[in-house]
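The values are calculated or read from the model by the stated rules, or taken from the named source; none is laboratory data. For clarity, every value in this text was computed on a predicted model and none was experimentally measured. Backbone-built Cβ (ideal geometry, glycine too); neighbour counts: all protein chains shown. Protein only, heavy atoms only, side chains kept; ligands, DNA and RNA dropped before computing areas. Shrake-Rupley method; radii C 1.70, N 1.55, O 1.52, S 1.80 Å.
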Amino acid sequence: MKDFFPILKSLKKQKIAPILLTLQVAITFMVLVNTAYMIGERSKKMQRPTGLDEANTFYIVTNFLSEPHQVIAEQNDILRQIRGVEGVVGATALPSLSLVGWGRYTDFYLEPNGNSVGFGGYLSSDEHALKTLDLEMIAGEWFVPSDILETDKEGTFLPSQVVVTQALAQKIYPDNWRDIVGTTLYFNGAPHHVKGVIKTLQNAWQFWSAVDATVLAGVNEAQPASPSHIAVRTQPGRLEEVMNNTVETLLKTPGRKIEKMSTMREVRQKAYKEDLATSKILTAIGVGLAIITALGIFGQARYNVSRRTQQIGTRRALGANKWDIVRFFMVENAVVSSIGVVIGLLGAIILNNQFVELLSINPVPLSYLLAGTVVIFILGQLAVIYPATRASRVSPAIATRGA
Amino acid sequence: MLIMKNLAKVFYADRIKTQALHPFDLQVEQGEFVSIIGSSGSGKTTFLNIAGLLEEHSEGVYLLGGQDVTTMKDKQKSAFRNEKIGFVFQSFNLIPELNLYDNVDMPLRYRKFTAAERDKRIMQALEQVGLAGRKHHYPNQLSGGQQQRVAIARAIAGSPAMILADEPTGNLDSKMAQGIMTLLKDINAQGTSIIMVTHDNEQAAQANRIIQIKDGHLSELKTLEKAIA
């Protein structure tokens, strides 16, 4: 503290250079906090669970070889073949799947001609989906085989048994989401009986606000015009092996083609490709700006050291030891950084308010502002260590001999 | 107060040995005013730097205030320098961004004085050099002579046993120079030893003793005429 007030007075006298550096620190703080927050938000978004055992799940798309009226039977046969592969935990047909980017969505009604009570994604499958997708039932009951309808048309128009995600149940029954069990949901003109509630099952679109609001209908659907989409869950650590064996097994049937096969990790990577790229760009901007600021502080400190060589020598001659000199430059930087951070805090809040309005994101929480303060402070101190150490090596004899 | 025995300084530049100061003995008692004269490059500044603990000596023993400074570490040496020695430089070496008060305060901040003690010392020192009324002024608002007075106030504020003055009037006109000499003599009269390096024989003659340095050899002169001769 013994250097604090003289440094403050000295900075006040110097004006331009400290003001410019302070502004640089402020701008860096402002941008850094907002980019860090946006990266954090994206990261949280990318880490949302689909509800599936992603590490051990893949999906496979294969063609139908039989006549249109036999596709259901053929699909069941394909599923039997896959379930017979060593290491398969479960397999189920799903016309759409979490994060794949294609699927169906619908509005929900509690009365046939009533108002919409919510909207969400539509998935359909059979009783094997619970085990295959690793779903967690949290209310009501799961499908029994007799619940499952089979159709070679679009199943969404059939009155069916359904389970819904907790997110959808909460949207429809905000006071007590469990009340949805046993009710009838109307969508696509048909009544659907809600058997139970599952904890999580994301639908096809990660960017959609209703990605967690999903209805899973007990419909085994196979349309002749579309290939069969099948999700497969394997025993832990056997994903690659099972994928290879599944392909080998299916291709034993003449004419069978594997149109597509992808792990859920690949599906996730693809779904969040843009978010990941944006995060990388934001990270690069943040890191780049932090480096530029650190270099700015470093350069300013070095310039100060070379400009003040004789002054440093004089201070040494008059009794400052090496640590006093290091501390002088560290405190000087801390003062500049602190003023910069205070200005930056105000700027960050103003900038964030604009982002909140323009990009519909939440306000930056206090923790980010505090973390930003610490980061900028440490960054400044790290940048000034080398010049400050160099300054401490200035010989006190410079005071008499000149720089 | 200051005892140097068989003290010498050798520089090595590109493995070439330069004997800046040949071995010499010197003793300065408390309250003495000693002038160091010699031509440029003779070793005056080297001597002053060694005496002020700004440079290491190569050989010999240096006792200051009864303490051997040879083995002192940087931290100890800095504190010792701060407490025992006041410096007056040819170019004043004031901090331009600090006002007179803060300039005088600077070495005191390296000591564990209370704020009140520092304030008392600063004001006393500024009063002694006649600049107490201008304590909020900055160095660039003063004449050269006034700046040197501030430097002297800075040197005496810590009550050192010895002041080392390096050409203190070198950048001043004769009128201002005489004012500074009068001030230094006043300070010396109060018991502070002064060792002053100077080119000016008239000023050197105002000291109690005159040491001449010629090609790194120190010799004490009985009278100034010998030096001139």
Of the conditions (1) open to solvent by 30 Å² or more (accessible area, probe 1.4 Å); (2) within 14 Å of another protein chain (Cβ to nearest Cβ), A:Pro18 fails just one. Which one is it?
-> (1)
Enumerate the strands (runs of 3 or more DSSP E) found wholly within the range A:207-293, keeping only those where 2 or more residues are free of Cβ contacts under 8 Å to residues at least 40 places away in the same chain and assigned by TED's automatic domain parsing to the domain that holds A:Gly121.
-> none
Is it true that some residue in the range A:281-303 is at pLDDT 90 or above, touching a strand residue (DSSP E or B) at 6+ places or on another chain (Cβ under 9 Å) and over 25 Å from B:Ala151 (Cβ atoms)?
-> no
Would you check if there is a residue in the range A:159-166 being within 30 Å of the chain's Cα centre (by Cα) and free of Cβ contacts under 8 Å to residues at least 12 places away in the same chain?
-> no
Top-ranked residue in the range B:71-96 [being open to solvent by less than 60 Å² (accessible area, probe 1.4 Å) and in a loop (DSSP other than H, G, I, E, B); ranked as farthest from the other protein chains (Cβ to nearest Cβ)] = B:Met72
Inspect the range A:200-207 for any residue being at pLDDT 95 or above and over 28 Å from A:Ala271 (Cα atoms) and give the result as yes or no.
-> no
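Can we say A:Gly140 is more than 30 Å from A:Arg42 (Cβ to Cβ) and touching a Lys or Arg at 6+ places or on another chain (Cβ under 6 Å)? Outline the logic, then answer.
On the way: more than 30 Å from A:Arg42 (Cβ to Cβ): yes; touching a Lys or Arg at 6+ places or on another chain (Cβ under 6 Å): yes.
Against the criterion (more than 30 Å from A:Arg42 (Cβ to Cβ) and touching a Lys or Arg at 6+ places or on another chain (Cβ under 6 Å)), A:Gly140 qualifies.
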Please determine, by comparing only the residues of the range B:18-46 that are under 9 Å from B:Ile213 (Cα atoms) and either assigned to a strand (DSSP E or B) or touching a Leu at 6+ places or on another chain (Cβ under 6 Å) (or both), which one is farthest from the other protein chains (Cβ to nearest Cβ).
-> B:Ile37
Identify the single condition in (1) farther than 21 Å from A:Gly114 by Cα; (2) among the hydrophobic types (A, V, I, L, M, F, W, C); (3) open to solvent by 40 Å² or more (accessible area, probe 1.4 Å) that A:Leu158 does not satisfy, given that it satisfies every other one.
-> (1)
List the number of the failed condition for A:His193; all other conditions in (1) at pLDDT below 95; (2) over 23 Å from A:Pro224 (Cα atoms) hold.
-> (1)
At least 2 residues that are under 30 Å from A:Glu357 (Cβ atoms) in each: list the strands (runs of 3 or more DSSP E) lying fully within the range A:1-112 that qualify.
-> A:104-109
Taking the options A:Leu345, A:Leu351, A:Leu366, name whichever one is free of Cβ contacts under 8 Å to residues at least 40 places away in the same chain, on the phi < 0 side of the Ramachandran plot and either under 39 Å from the mean Cα position of the chain (by Cα) or more than 14 Å from chain B (Cβ to nearest Cβ) (or both).
-> A:Leu366
Among the residues of the range A:303-314, the number that are more than 7 Å from chain B (Cβ to nearest Cβ) and closer than 20 Å to B:Ala165 by Cβ is 1
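So, B:His57, is that one farther than 30 Å from B:Asp186 by Cα and within 19 Å of the chain's Cα centre (by Cα) or not? Full working, then the answer.
Working: farther than 30 Å from B:Asp186 by Cα: yes; within 19 Å of the chain's Cα centre (by Cα): yes.
Considered against the rule, which asks whether it is farther than 30 Å from B:Asp186 by Cα and within 19 Å of the chain's Cα centre (by Cα), B:His57 comes out as yes.
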Of a type in the set (Val, Ile, Thr), within 14 Å of chain B (Cβ to nearest Cβ), touching a residue at least 40 places away in the same chain (Cβ under 8 Å) and in contact with a helix residue (DSSP H, G or I) (Cβ under 7 Å, 6 or more places away or on another chain): does that describe A:Ile39?
-> no
Limited to the range A:109-136, what total is found for residues that are touching a Pro at 6+ places or on another chain (Cβ under 8 Å) and either surrounded by fewer than 18 Cβ atoms within 10 Å (Cβ to Cβ) or among the hydroxyl-bearing types (Ser, Thr, Tyr) (or both)?
-> 3
Candidates B:Ser193, B:Ser174 - the one that is open to solvent by less than 10 Å² (accessible area, probe 1.4 Å), away from every other protein chain (no Cβ under 14 Å) and small (Gly, Ala, Ser) | B:Ser193
Under 6 Å between Cβ atoms, at least 6 apart or on separate chains: pull out the pairs that start in the range A:93-104 with a residue that is under 15 Å from A:Asp126 (Cβ atoms) and end on any residue that is among the hydrophobic types (A, V, I, L, M, F, W, C) and part of a loop (DSSP other than H, G, I, E, B).
-> A:Ser96/A:Ala204
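Here is a yes/no grid of residues against (1) under 29 Å from the mean Cα position of the chain (by Cα); (2) of a type outside the set (A, V, I, L, M, F, W, C); (3) open to solvent by less than 40 Å² (accessible area, probe 1.4 Å):
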{"position": "A:Lys171", "(1), (2), (3)": "yes, yes, no"}
{"position": "A:Pro174", "(1), (2), (3)": "yes, yes, no"}
{"position": "A:Val181", "(1), (2), (3)": "no, no, no"}
{"position": "A:Ala190", "(1), (2), (3)": "no, no, yes"}
{"position": "A:Lys195", "(1), (2), (3)": "no, yes, yes"}
{"position": "A:Gln202", "(1), (2), (3)": "yes, yes, yes"}
{"position": "A:Ala231", "(1), (2), (3)": "yes, no, yes"}
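Go through the residues of the range B:85-101 one by one and say whether even a single one is aromatic (Phe, Trp, Tyr) and free of Cβ contacts under 8 Å to residues at least 40 places away in the same chain. First the steps, then the outcome.
Step one: of the range B:85-101, the residues aromatic (Phe, Trp, Tyr) are B:87, B:89, B:92, B:101.
Imposing the further condition that a residue be free of Cβ contacts under 8 Å to residues at least 40 places away in the same chain reduces the set to B:101.
Yes, because at least one residue in the range B:85-101 is aromatic (Phe, Trp, Tyr) and free of Cβ contacts under 8 Å to residues at least 40 places away in the same chain.
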Within the range B:1-17, tally of residues that are open to solvent by less than 50 Å² (accessible area, probe 1.4 Å) and not in a strand (DSSP E or B) = 1
Please tell me if B:Val61 is away from chain A (no Cβ under 14 Å), among the aliphatic types (A, V, I, L, M), in contact (Cβ under 8 Å) with a residue 60 or more places away in the chain and assigned to a strand (DSSP E or B).
-> no
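Evaluate the range A:77-90: report whether one residue or more is at pLDDT below 90 and open to solvent by 30 Å² or more (accessible area, probe 1.4 Å). Explain how you work it out, then say what you get.
To start, the set of residues in the range A:77-90 that are at pLDDT below 90 comprises none.
Within the range A:77-90, not a single residue is at pLDDT below 90 and open to solvent by 30 Å² or more (accessible area, probe 1.4 Å).
Yes/no per residue for (1) buried (at least 18 other Cβ atoms within 10 Å of the Cβ); (2) over 23 Å from B:Met176 (Cα atoms):
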| residue | (1), (2) |
| --- | --- |
| B:Lys112 | no, yes |
| B:Arg121 | yes, yes |
| B:His136 | no, no |
| B:Arg154 | yes, no |
